[in-house]
Structures are given as structure tokens and as C-alpha cells.
Amino acid sequence: DWREYMENYSNNWQEAEPADPDDERRQTVENTLTRKTSLEDHLMWQLRLSSLSDGDQRIGATIIYNLNDDGYLETPLAELAAQLEVPEAEVERVLKRVQQLDPPGAVARDLRECLLLQLKNFGMEESLAARVVNKHLDLLEKHRYNEIAKLLGVSVEAINQAQKIVSLLEP
């Protein structure tokens, strides 16, 4: 309420009222700012809101806590399964669910999987861009569009369009 604010925090220097002792105890705006949410925090928040069982949430949390700074899962699933004392297939199943959380592409095991997860999120899992990423990411990185076009039996123009789509994704 502005009226209340102006009455309580008047800047009128001519009034010469003594300073309110509470003013010193009031927090400044800088002291009320919160820290930025980390990827780990964001994923854990979504995991807790999910419909996964407690056991699956435990597996999901272990997956999330094993992400590197870029959001990739470098720890082999067999190692996570041994640590959790569950079958590797169970970790793989939960990984697929955790990979559906926001942001798309997080919790991938490599760049290829990261890009494919994002394309799937956009409903483009069957697109030429997905085929290029899945089969010819190495050639795409080297800008060898003619070679990719020959291998996939499409025009270079189509590969250029696929490349533009891939370039919009977040690695």
C-alpha cells in the first residue's frame, strides 16, 4: 500500500524526526534476494511432485545427484544399480522418467542423447534432424553436409534445414 509506505517511510528531510530504531533492523532489498535455483534443485523439486513410488524416487534422486555440472549423467547405470542394490533395468526405467523432466535434454548420458531428448520433446523424434543427430552427429559437427545427404538419400538443402534445427537446441 503506497499510502502506508509514504506515511511510514517518508523521505521528507525537513520534518527532522528522529530515526526509527526499527529502520536499522529492517532488511535491505539485497538481503532478501534468494539464491538462484540449481539444476539439481529444479529436477529434485519436479521429482518430488511426480507420481513415482518412493523406491523410484530414491533411484531418481541418485541419478540427479550424480549429474555433472553440465547436467549430464556420466556415471554408468551398472554402477548406480550396484550402489542402490537394484537391477540395472530398474535404473534404466527410472532414468527414462527423469529424462522427461524440465529442462528437455537434461540427464542425458551424452550429447547425442541430449539433442535427441530435446527433439523428442518438440515432437520431432522421427524428423530428419533426429536421424542426422542419431546416425551422423560426427559428420554434422564437421559440417560435412554433402556426405550426410548422400548417406541419407536426401538433398543438401534438407540437411541444411536439419542443421538449423539442431543448432537451435541447447547442448
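I'd like the trypsin sites (Lys or Arg not before Pro) in segment 129-171 restricted to DSSP loop residues with at most 11 other Cβ atoms within 10 Å, sorted by number.
K142
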Here the alpha-carbon Rg of segment 83-171 over 2.2 N^0.38 Å rounds to 1.24
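State, to one decimal in nm², a quarter of the convex hull surface area for the C-alpha atoms of segment 113-157, i.e. the direction-averaged projected area. Let's see the in-between values first.
Details: hull surface 12.2 nm².
For segment 113-157, averaging the hull's shadow over all directions gives 3.1 nm².
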Rounded to whole angstroms and listed largest first, the alpha-carbon spread of segment 43-86 along its three principal axes comes to 26, 25, 9
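Could you work out Rg/(2.2 N^0.38 Å) for segment 58-114, with Rg from alpha carbons only? Please list the in-between numbers first.
Values: Rg = 10.4 Å, N = 57, 2.2 N^0.38 = 10.2 Å.
Dividing the Cα Rg of segment 58-114 by 2.2 N^0.38 Å gives 1.01.
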Ranked output for segments 61-71, 44-54 by mean other Cβ atoms within 10 Å, highest leading, reads 61-71, 44-54
Classified through the alpha carbon gyration tensor (a ≥ b ≥ c as square roots of its eigenvalues; rounded if a/c is under 1.5, else prolate when a/b is larger than b/c, else oblate), segment 91-135 comes out prolate
Taking 0.36 nm per residue of separation between S127 and L49 and subtracting their Cα-Cα distance, the length gained on full extension comes to 24.9 nm
The extension gain from A89 to N66, computed as 0.36 nm times the residue separation minus the Cα-Cα distance, is 6.5 nm
Each label sits 7 Å from Cα toward the beta-carbon; between Q100 and T37 the label points are separated, in nm, by 2.0 nm
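Read the figures in this text as sums done on the coordinates, not as results from a lab. Just so you know, these numbers come straight off a predicted model, no measurement behind them. Virtual Cβ from ideal backbone geometry, glycine too; neighbours counted across all protein chains shown.
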